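Asks: Could you have a look at this structure, given as structure tokens, before my questions?
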Amino acid sequence: MTTVVPRRGSLVLLASTQLLLITDTAIVNVALPSVGEDLGSGSTGLSWVANAYLITFGGLLLLGGRVADLLGHRRVFLGGLSLLAVASAAGGLAPAADALVTARAVQGVGAALAAAAAFALLLLLFPDGPARHKALGAFAAMGGLGGVLGTVLGGVLTDLLGWRATFWLNVLLAAVLALLAVRVLDPRTGRAFRGGFDLTGALTATAGLGLVAYALVGGAEAGWLSARTLGAGGAGLALLLAFAFVETRAAAPLVPPAVLARPALRMSNALAALAQTTLFPMFFLVSLYLQSVLGYAPLGGGLGLLPLSLVVVAVAPQTGRIIFRVGLHRAMTLGFVLLCAGTLWLALALTPDGSFASTVLAPSLLLGAALPLVMVTTNVAATAEAAPEETGLASGLVNTSQQFGSVLGLAVLVAVATTRTEAGDAARAAADTAGFRAALLIGAAFAALAALLSVRLHLPERAAAPKERVPDPY
């Protein structure tokens, strides 16, 4: 039987991994201008320093989850962290932009393996019920903190030590987490499950997801109707259709059709994607508004998100109690209603001559309360029916949904904001504000759609009903 201390230590380890992966996404973005100056790269090359990571991360999450089921979750978790550390070192030593883009792509591979395995390990260590709700709350808290921590650390390290220090920080943290995993995680935890491997399904799914991610992240840059975007998107969708065909005939499918036939799983993954379609670009747009309109330095733009993150850290551990009191279904709908209200409030509050206190602060606090509610409840619903041998698969599915929601939201909302901004060059601050407002209004519409859909979610009985109160496992 698992004792209290190992479970507590495992939760700290797995939540810290989530913190590292989210921080890594934000920290490099802050360093990009310095990367361009040092390596002589233009805006197109710099965009792919970020995009290469997003494409491989999003494209390999599903495969990473299934590989973890078949090879062992602990083993794949350690392998992912090791690959992330090696790729980060290569990024820190990169002599040119092309080498850095390659290193970022390999970082995404390591991150996908580590993220899928970490989430699956959490599901195995904490069974469905209050213990899992609290553990998922810790994950949500680390995710909210990671976005701001990455922005702040990116600014500090780049100013003091140069952009390469951001990559060496990843090396250090990934190495520490890997060493802790060897000591904390029981080798019997996350053992491998017997089964074959669907190579054709793995290749078509990974290539299809990667091409769709490529089309989404490149659409705003090359144009949504450009040959490159349409070609990549069309090829990706064709491969995903081929994947669906292969799975109905494979002896050991990567994603068994019976799993996707579960209505609650399909709906909860769609809701997880919609949540990130609103949340992920909101962080980016707020930081940009604080810098380009209100004149904050990059570090100040990151610190402007600190109150939101503090609310996330305070509310996330309470999500289990909220679910117990009102039920998972109501808690999810409440989270999406708050997300819609907070995003709408933020959009309407933005002004060209405002201040942080008068425009961003109050709605960001509401968004900080919404974030853990939607993240925890959608994760609970998406994994409620997963059997032990399906934990990696369930992890890969919900992580893929969230990642593609983030990529889609950022691509669409930033494109909207940019279009409005370019239309009003005569009054730059007013044009910027109008662009950010339009983008956030679309984000609020996504959240409103999710709130309506959450009412229609029919959860399995064991996930929908509040559990008996159990002793705190920590």
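The values are calculated or read from the model by the stated rules, or taken from the named source; none is laboratory data. Just so you know, these numbers come straight off a predicted model, no measurement behind them. Note: ideal-geometry Cβ built from the backbone for every residue, glycine included; neighbour counts use all protein chains shown. Just so you know, the surface numbers come from the protein's heavy atoms only, side chains and all, with ligands and any DNA or RNA stripped out. Shrake-Rupley method; radii C 1.70, N 1.55, O 1.52, S 1.80 Å.
Asks: Can you pull the semi-axes for the stretch 279-403, root of five times each eigenvalue of the Cα gyration tensor, sorted largest first, whole Å?
Replies: On the way: eigenvalues 197, 52, 26 Å².
Computed over the stretch 279-403, the values are 31, 16, 11 Å.
Asks: For labels at V326 and L225 in the simple 7 Å Cα→Cβ model, what's the distance in nm?
Replies: 4.4
Asks: When only C-alpha pairs under 8 Å and at least 6 residues apart count, what is the relative contact order of the chain, in percent? Let's see the in-between values first.
Replies: Working: 861 pairs, mean separation 108.6, N = 474.
It comes to 23 percent, rounded to a whole number.
Asks: Moving to a separate point now. At 1.4 Å probe size, what's the solvent-accessible area of M375? Round to the nearest 10 Å².
Replies: 30
Asks: Now, a different point. Quickly estimate the mean residue ellipticity at 222 nm for the chain, helices only: each DSSP H run with n ≥ 4 gives -39500 (n - 2.57), and the total goes over all residues, rounded to 500. Please list the in-between numbers first.
Replies: Numbers: 19 runs with 384 residues, N = 474.
Calculated from helices alone, the mean residue ellipticity at 222 nm is -28000 deg cm²/dmol.
Asks: Quantify, in whole percent, the carbon and sulfur part of the accessible surface of the stretch 5-104 (1.4 Å probe; protein heavy atoms only).
Replies: Working: 2180 of 3340 Å².
For the stretch 5-104, the apolar C and S fraction of the accessible surface comes to 65 percent.
Asks: Regarding the chain, what's the average projected area of the Cα-atom convex hull, expressed in nm²? It would help to have the intermediate numbers written out before the result.
Replies: On the way: hull surface 83.1 nm².
For the chain, averaging the hull's shadow over all directions gives 20.8 nm².
Asks: Using a 1.4 angstrom probe on the protein heavy atoms only, could you order H329, H133, H458 from most to least accessible area? Provide the component values of the computation, followed by the final result.
Replies: On the way: H329 60, H133 20, H458 150 Å².
These residues rank, largest area first, as H458, H329, H133.
Asks: Another question, if that's okay. Carbon and sulfur together cover what percent of the accessible area of the stretch 213-298 at a 1.4 Å probe radius?
Replies: Carbon with sulfur: 74 percent of the solvent-accessible area.
Asks: Projected onto the charge dipole of the chain (+1 at Lys/Arg Cβ, -1 at Asp/Glu Cβ, origin at the Cα centre), which of L81, H133, A97 gives the Cα projection farthest towards the positive end?
Replies: After comparing all options, I get H133.
Asks: Quick one: which of 168-177, 357-366 comes out on top by average Cβ neighbours within 10 Å, and what's the full order, highest first? Please list the in-between numbers first.
Replies: On the way: 168-177: 19.4, 357-366: 17.5.
Averaged packing, sorted descending, gives the order 168-177, 357-366.
Asks: Can I ask one more? Applying 1/(1 + (r/R0)^6) with R0 = 22 Å to the Cβ-Cβ distance of T418 and L452, what FRET efficiency is obtained, to the nearest 0.05? Let's see the in-between values first.
Replies: Numbers: r = 29 Å, r/R0 = 1.30.
Taking R0 as 22 Å, the efficiency between T418 and L452 is 0.15.
Asks: Taking Cα centroids, how far is the stretch 263-288 from the stretch 85-114 in Å?
Replies: Here the answer is 26 Å between Cα centres.
Asks: Keeping all protein chains in the complex and leaving out DNA, RNA and ligands, what accessible area do you get for L225 with a 1.4 Å probe, in Å² to the nearest 10?
Replies: Approximately 150 Å² of L225 is accessible to the 1.4 Å probe.
Asks: So, one more: Provide the solvent-accessible area of Y296, counting protein heavy atoms only and rolling a 1.4 Å probe, rounded to the nearest 10 Å².
Replies: 90
Asks: Here's something else I'd like to know. Work out how much length T102 to D353 would gain on full extension: take 0.36 nm times their residue separation and subtract the Cα-Cα distance, in nm to one decimal.
Replies: Details: separation 251, 0.36 × 251 = 90.36 nm, distance 4.17 nm.
Value of the extension gain: 86.2 nm.
Asks: Find the accessible area per residue for the chain; the probe is 1.4 Å, ligands and nucleic acids are left out, and the unit is Å².
Replies: Values: 18690 Å² over 474 residues.
I get 39 Å² per residue for the chain.
Asks: Using unit Cβ charges (K, R positive; D, E negative) and no other charged atoms, how large, in debye to the nearest 20, is the dipole of the stretch 16-155 about its Cα centre?
Replies: Values: 6 positive and 6 negative charges, 99 e Å.
With only Lys, Arg, Asp and Glu charged at Cβ, the dipole is about 480 debye.
Asks: Relative to the Cα centre, what is the charge dipole magnitude of the stretch 231-369, using +1 at the beta carbon of each Lys and Arg, -1 at the beta carbon of each Asp and Glu, and rounding to the nearest 20 debye?
Replies: Values: 6 positive and 2 negative charges, 109 e Å.
The calculation lands at about 520 debye.
Asks: Within a Cβ distance under 10 Å of T200, other residues only, what is the Lys/Arg minus Asp/Glu net charge?
Replies: Values: positive: R249; negative: D198, E247.
Net charge around T200: -1.
Asks: Note the direction-averaged projected area, equal to a quarter of the hull surface, for the Cα convex hull of the stretch 18-113, in nm². If you can, show how the numbers build up before the last one.
Replies: Numbers: hull surface 22.6 nm².
With every direction weighted equally, the projected area is 5.6 nm².
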